[in-house]
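The values are calculated or read from the model by the stated rules, or taken from the named source; none is laboratory data. If you're wondering where the values come from, they're calculated on a predicted model, not measured in any experiment. When we count neighbours, we look across all protein chains shown, and the Cβ atoms used for this are built from the backbone with ideal geometry, even at glycine.
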Amino acid sequence: MVKVLFVCLGNICRSPLAEGLFRHRALEAGLDEGLSGAFLADSAGTGSWHVGNPPDIRSVAVARKYGIDISAQRGRQIEPTDFTTFDYILAMDRDNLSTLQAQCPPEHQEKVSLLLSHAPDTMLTEVPDPYFFRDDAGFERIFSVIGEGVDGLLARLKSDHFS
Ligand code: 4NP
């Protein structure tokens, strides 16, 4: 089983969308999640402000618009065991990446990467922090960018693990 962890700052805006999108697209591609499944997807924040909280309503809304329900997710903070449990740890931006690299044991550093490094044709290299966006258009934009990252990651996982 391939275990994938998406990480942002608060675990309420970007990484819940990445988790939901990954699960949705992987299931569409015929991969099953769960104990006996092909993959496990989760998300976490580098910060602790939103531990136990549901995702931001703007993330829930944009996901719902595209048929993905992320409302049952709850925020949690990255913990040391994540670096052994997960095979791929995907940071939304360079700040998250640096935080993860500083906490990650040397033998697991290669697990940590920027999500958008798996979508090299995307104009952006980081998923912008949408927390202070004033309108929903920004959430549409990050939904689309995260989708590109997730698709690129899935293509890699399919060729490396599921072909
Ligand atoms: P996220 O967005 O990292 O995409 O979940 C944020 C959510 C909350 C905060 C910052 C970013 N905050 O400062 O509380």
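Some observations on this one:
- Looking across the stretch 141-163 at every residue that is out of contact with any Lys or Arg (no Cβ under 7 Å at 6 or more places or on another chain), closer than 16 Å to Val4 by Cα and in contact (Cβ under 8 Å) with a residue 40 or more places away in the chain, the one that is nearest to the ligand (Cβ to nearest atom) is identified as Gly149.
- Test: Lys65 is farther than 19 Å from Phe139 by Cβ, among the basic types (Lys, Arg) and touching an Asp or Glu at 6+ places or on another chain (Cβ under 9 Å): no
- Ser43 surrounded by 14 or more Cβ atoms within 10 Å (Cβ to Cβ), small (Gly, Ala, Ser) and over 20 Å from His118 (Cβ atoms): no
- Summed over the stretch 111-140, the residues that are in a helix (DSSP H, G or I) and either more than 28 Å from Asp87 (Cβ to Cβ) or touching a residue at least 12 places away in the same chain (Cβ under 8 Å) (or both) give a count of 9.
Residue-wise test of (1) surrounded by 15 or more Cβ atoms within 10 Å (Cβ to Cβ); (2) of a type in the set (Asp, Glu); (3) closer than 21 Å to Ala38 by Cβ; (4) at pLDDT 90 or above.
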| position | (1), (2), (3), (4) |
| --- | --- |
| Phe132 | no, no, no, no |
| Gly138 | yes, no, no, yes |
| Asp151 | yes, yes, yes, yes |
| Ala155 | no, no, yes, yes |
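- Filter pass, Gln103 being farther than 24 Å from Arg25 by Cα, polar (S, T, N, Q) and within 16 Å of the ligand (Cβ to nearest atom): no
- Of the helices (runs of 4 or more DSSP H) entirely within the stretch 1-98, those holding at least 3 residues that are within 14 Å of the ligand (Cβ to nearest atom), among the β-branched types (Val, Ile, Thr) and more than 17 Å from Arg156 (Cβ to Cβ) occupy 57-65.
- Scanning the stretch 88-107 for residues that are surrounded by fewer than 17 Cβ atoms within 10 Å (Cβ to Cβ) and in contact with a strand residue (DSSP E or B) (Cβ under 8 Å, 6 or more places away or on another chain), we see that the one that is farthest from Ala61 (Cα to Cα) is Gln101.
- Top-ranked residue of the stretch 62-80 - restricted to ones that are polar (S, T, N, Q) and under 14 Å from Glu19 (Cβ atoms), ranked as surrounded by the fewest Cβ atoms within 10 Å (Cβ to Cβ): Ser71
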